[in-house]
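The values are calculated or read from the model by the stated rules, or taken from the named source; none is laboratory data. Just so it is clear, the structure is predicted and the values come from calculations on it, not from any experiment. Because the Cβ atoms are built from the backbone with ideal geometry, glycine has one as well, and the counts that use them run over all protein chains shown. Keep in mind that these areas ignore ligands, DNA and RNA; they rest on the heavy atoms of the full protein, side chains included. Shrake-Rupley method; radii C 1.70, N 1.55, O 1.52, S 1.80 Å.
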Amino acid sequence: MKKTKDDLRWLTGGGEMGKTIRSKDWSETPLGPIESWPQSLRTTVSLCLASSFPISIAWGKEHTQIYNDGYWPICGKKHPPSMGQNFSECWEAAWPVLGPYFERALKGETSFVENQRMFLDRNGYLEETFFTFSFSPIQDESGEIGGLFHPVTETTANMLNERRLRTLRDLATMAREEKEEKETCALITETLSANPFDLPLILVYLLDESGETAQLCGIAGLEGANPAAPQEIHLKKDSNSGWPLEEARTSKKGIYVDDIEKRFGNIFCRPNPESLQKAFVSLITESGNENCLGFVIAGISTRLPLNESYQRFNEMLSTAINSTINESRAYQRERKRAEDLAQIDKAKNTFFTNVSHEFRTPLTLILGPVENLLSQTREVLSASVKTEIEIIYRNSLRLLKLVNSLIDFSRLESGRVEANYQSTEIGTMTTNLASGFRSAIERSGLKYTVDANPLPSEVYIDHTMWENIVLNLISNAFKYTTKGEIKVALRQEETEVVLTISDTGTGISETELPKIFQRFYRVKDLEGRAFEGTGIGLALVKELIKLHGGMIDVSSTVGKGSIFTVKIPLGFNHLPEDQISKTKLNQRIETLAKPRITNRAKAFVQEALRWLPEGANLSASPGVSGQADLSLLQRNQPSTSSDASGNDSLTTKIKKKRILLADDNVDMTIYLKKLLEKNYELIFVTNGKLALEAIRSERPDLVVSDIMMPVMDGYGLLKEIKNNKATVNIPVIFLTARAGEESRIEGWETGAD
């Protein structure tokens with residue numbers, strides 16, 4: 001029975017493809033007139049057209065193709081001839097991928113494939129694409145397989161974006177920091193070579209110092225010599241026939257080159273067999289100033305459209321390469337700077353070691369005769385002369401202490417410490433070292449407890465190092481403890497010997513605690529007996545303890561005090577074998593049982609004695625020889641008059657001017673007293689805070705202040721004086737050991753007179 005057009009009501013709708021199917025003369029296809037189609041085909045086509053999901057149907061022995069609106073864009077320029085075309089002929093380019101799944105479905109087995117790469121010729125060239133699809137068999141009225149149901153999702157955009165982001169991520173995370181600049185370029189091309197589908201060619205060129213010649217530093221995609229990858233490019237000379245690098249530099253932006261065959265002939269790069277047609281030339285610029293450093297040439301795939309997404313990837317790639325090379329350059333600069341600093345540091349340590357050794361000889365020659373002079377009877381030395389010699393002696397010991405610290409620290413820094421670890425009765429040695437401070441500490445009014453009994457186990461230490469550790473820690477505790485108690489305790493805990501030195505001093509804030517063992521670091525505004533010091537004592541202690549395989553820790557509360565805890569292992573298994581002494585233990589015990597005071601210990605104790613309050617008791621004593629230049633101090637006084645004998649009588653006619661001296665160095669204060677006491681009334685204080693109190697109660701005519709003092713320094717004192725209307729006119733002179741012009745300028749700018 002012949003079907004009529006009224007029977008085509010099943011073919012209504014379907015959008016544009018519905019119209020195409022209804023208007024097409026199917027009698028010219030293997031399917032025959034549409035009125036003769038079997039019900040199974042009609043039903044399948046109706047379902048296909050009604051769906052918004054991309055679907056294609058391959059029907060009959062000739063695999064005639066029918067598809068809906070969703071599938072139409074997949075066909076590209078193949079539509080409309082692809083409607084009604086043999087499926088395998090339409091997708092011949094992709095058949096190496098599709099064919100096996102297609103044949104399997106014809107045998108009744110459904111296939112499902114995700115994100116499959118295939119190359120389609122839908123737009124006039126082979127295009128790299130990705131699809132998720134399936135082939136399902138459709139039974140006809142006879143129960144045989146009449147055709148295949150082929151739903152499809154194109155995932156090309158997602159797959160390309162994922163691949164390109166992975167390339168950018170790999171570039172960002174590659175280990176380039178330790179590479180030189182040219183090595184970094186080679187590493188860049190090696191990393192990018194993992195994505196030949198987007199980057200069939202990568203060339204990296206860096207400009208030489210002249211800025212006119214570019215050297216090839218990285219290549220991927222070409223093997224052997226090639227005209228497109230010369231080792232050297234002269235920017236202006238080769239711009240027309242070679243890569244247009246000069247044009248890119250002048251325009252200060254990336255440019256696309258689309259006449260590669262004209263410039264270089266056929267250039268074949270993996271993975272595609274077609275000759276390269278286009279490339280993107282971008283600049284490598286210096287971070288911060290956009291100076292051109294080089295160029296990156298990135299080939300454009302012959303099997304991908306140069307759309308907005310591809311162009312954005314090229315731009316992001318250019319940015320990433322710029323960042324990578326600039327980071328590498330910055331790292332190399334920093335490494336070079338670190339190497340230079342290390343060399344300077346090494347030279348500094350060598351200098352300090354050498355010059356410190358040179359200081360030791362004259363210091364020894366000073367200390368020896370001075371000690372002999374001080375041992376003379378009172379009849380030989382007058383009191384005034386002995387006082388002068390004592391100043392020389394104390395400050396020579398202080399200088400020796402500083403020299404010893406510099407030598408020790410320089411040796412540690414340069415790794416030239418020669419230790420001599422000996423089995424030692426450490427309790428006796430520690431007690432002897434601590435006892436040297438007893439007089440100074442108890443004279444200051446502090447309670448002093450030493451609990452360092454002999455230990456049951458053997459302890460190996462370097463005597464000089466241990467001496468340094470104990471002396472530094474006790475000296476530090478005394479310096480910052482003005483009331484209360486200092487305790488020194490030594491005990492054995494399992495496999496360690498533990499030394500604790502605790503005090504009830506000013507304490508250290510939580511923010512400062514992590515920094516106190518850093519070399520040259522000094523806690524700011526810490527109230528103590530003196531501000532003097534180099535800032536290497538605690539750093540030296542920490543390093544000496546580490547050489548013993550031990551550690552040091554500190555706990556502190558502001559206003560309550562600090563506890564320094566030293567732990568070193570028992571025995572000698574943790575120490576270098578070649579630095580362990582083989583001397584018999586009994587001999588050392590006998591030696592250590594006898595108290596001994598070394599020059600190092602003397603220096604620490606003498607410094608501590610200088611911090612005592614009575615050290616500032618400047619009672620009358622004879623003046624010193626020589627004349628001080630007092631013209632500046634006397635500039636506001638009336639002209640002097642002379643009596644018949646020619647002597648100045650000013651001091652007897654007018655009241656003496658009052659000078660306040662603020663300095664925490666007792667010997668310096670004694671010296672200034674002898675210079676000034678004849679002509680001036682003097683007030684002495686040891687820090688800026690006390691100076692302010694004295695100014696309020698006994699207004700001076702002049703303030704002479706040290707800059708570096710505890711509690712409040714000279715700058716803080718000056719600020720308080722100049723900000724107060726009552727004291728703003730009091731002239732202030734700074735005293736400082738910093739003799740440079742910068743210090744003068746800094747003082748004047750701060751407001752010193």
Practice problem: Under 1.5 on a/c is rounded, so check that first for the range 252-384, then, if it is not, pick prolate when a/b is larger than b/c and oblate when it is not; a ≥ b ≥ c are the square roots of the alpha carbon gyration tensor eigenvalues. | Solution: prolate
Quiz item: With axes computed from alpha carbons, what is the tilt in degrees of helix 688-697 against the longest principal axis of the chain, rounded to the nearest 10 within 0 to 90?
Solution: 50 degrees
Quiz item: Mind checking which aspartates and glutamates have their C-alpha under 19 Å from K179, skipping anything on the same chain fewer than 8 residues away?
Solution: D170, E190, D208, E286, E327, E334, E339, D340
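What is the range 183-261 by shape, rounded, prolate or oblate, if you read a ≥ b ≥ c off the alpha carbon gyration tensor as root eigenvalues and call it rounded for a/c under 1.5, prolate for a/b larger than b/c, and oblate otherwise?
prolate
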Quiz item: Mind listing which trypsin sites (Lys or Arg not before Pro) in the range 651-729 are in a DSSP loop and have 16 or fewer other Cβ atoms within 10 Å?
Solution: K655, K656, K678, K725
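Quickly estimate the mean residue ellipticity at 222 nm for the chain, helices only: each DSSP H run with n ≥ 4 gives -39500 (n - 2.57), and the total goes over all residues, rounded to 500.
Helix-only estimate at 222 nm: -12500 deg cm²/dmol.
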Quiz item: Are there cysteines in the chain with no other Cys C-beta under 4.7 Å, and if so, which?
Solution: C48, C75, C90, C269, C292
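Test of the criteria: in the range 97-201, which trypsin sites (Lys or Arg not before Pro) are in a DSSP loop and have at most 11 other Cβ atoms within 10 angstrom of their Cβ?
Passing both the DSSP loop test and the Cβ count: K107.
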Quiz item: By how many degrees, between 0 and 90 and to the nearest 10, does the Cα long axis of helix 156-173 differ from the longest principal axis of the chain?
Solution: 20 degrees
Quiz prompt | Point-to-point label distance, D340-E162, nm (Cα→Cβ direction, 7 Å offset) | solution = 4.9 nm
Self-check item: Sorted peptide list for 438-445, 482-489, 56-63, criterion being average Cβ within 10 angstrom, highest first
Solution: 56-63, 482-489, 438-445
Quiz prompt | F197 accessible area, assembled protein chains, probe 1.4 Å, Å² | solution = 50 Å²
Quiz item: Rounded to the nearest whole Å³, what is the per residue volume of the convex hull around the Cα atoms of the range 1-157?
Solution: 104 Å³
Self-check item: Karplus (6.51, -1.76, 1.60) ³J(HN,Hα), θ = phi - 60°, over the range 100-106, in Hz, Gly and Pro reported as x
Solution: x, 5, 4, 5, 5, 5, 5
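Cβ under 9 Å from P54's Cβ, P54 left aside: what net charge do those residues give with Lys, Arg +1 and Asp, Glu -1?
Result for the neighbourhood of P54: -2.
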Self-check item: Table column - 3J(HN,Hα) (Hz), the range 709-715, Karplus curve with 6.51, -1.76, 1.60, x for Gly and Pro
Solution: 9, x, 6, 9, 7, x, 5
Quiz item: What angle do you read, to the nearest 10 degrees and between 0 and 90, between the alpha-carbon axis of helix 599-610 and the longest principal axis of the chain?
Solution: 80 degrees
Exercise. Please sort 317-326, 24-33 by packing, taking for each peptide the average over its residues of neighbouring beta carbons within 10 angstrom, highest first.
Key: 317-326, 24-33
Quiz item: Over the Cα atoms of the range 250-330, what Rg and Dmax result, in angstrom?
Solution: 14.1, 41
Quiz item: If you roll a 1.4 Å probe over the heavy atoms of the protein chains, what accessible area per residue do you get for the range 54-113, in Å²?
Solution: 45 Å²
Exercise. With Kirkwood radius over Cα pairs in Å in mind, check (1) 35.8; (2) 30.7; (3) 28.4 and report the label derived from this structure.
Key: (1)
Quiz item: With θ set to phi - 60° and the Karplus curve 6.51 cos²θ - 1.76 cosθ + 1.60, what are the ³J(HN,Hα) couplings of the range 308-320 in order, to the nearest whole Hz, using x for Gly and Pro?
Solution: 4, 5, 5, 5, 5, 4, 4, 5, 5, 5, 4, 5, 5
Quiz item: Is the shape of the range 116-190 best called rounded, prolate or oblate, per the rule: a/c under 1.5 gives rounded, else a/b larger than b/c gives prolate, else oblate, with a ≥ b ≥ c the square roots of the Cα gyration tensor eigenvalues?
Solution: prolate
Exercise. Percent of Cα-Cα pairs per 10 Å bin, from 0 to the last occupied bin, for the range 23-111, please list those.
Key: 16, 49, 33, 2
Quiz prompt | DSSP-assigned coil residues among GluC sites (Glu not before Pro) in the range 113-154, each with at most 14 further Cβ atoms within 10 Å | solution = E141, E144
Quiz item: Considering only Cα-Cα distances, which of the following residue pairs are longer than 26 Å: K253/K336; K657/K722; K78/K107; K483/K725; K678/K719; K237/K336?
Solution: K253/K336; K78/K107; K483/K725; K678/K719; K237/K336
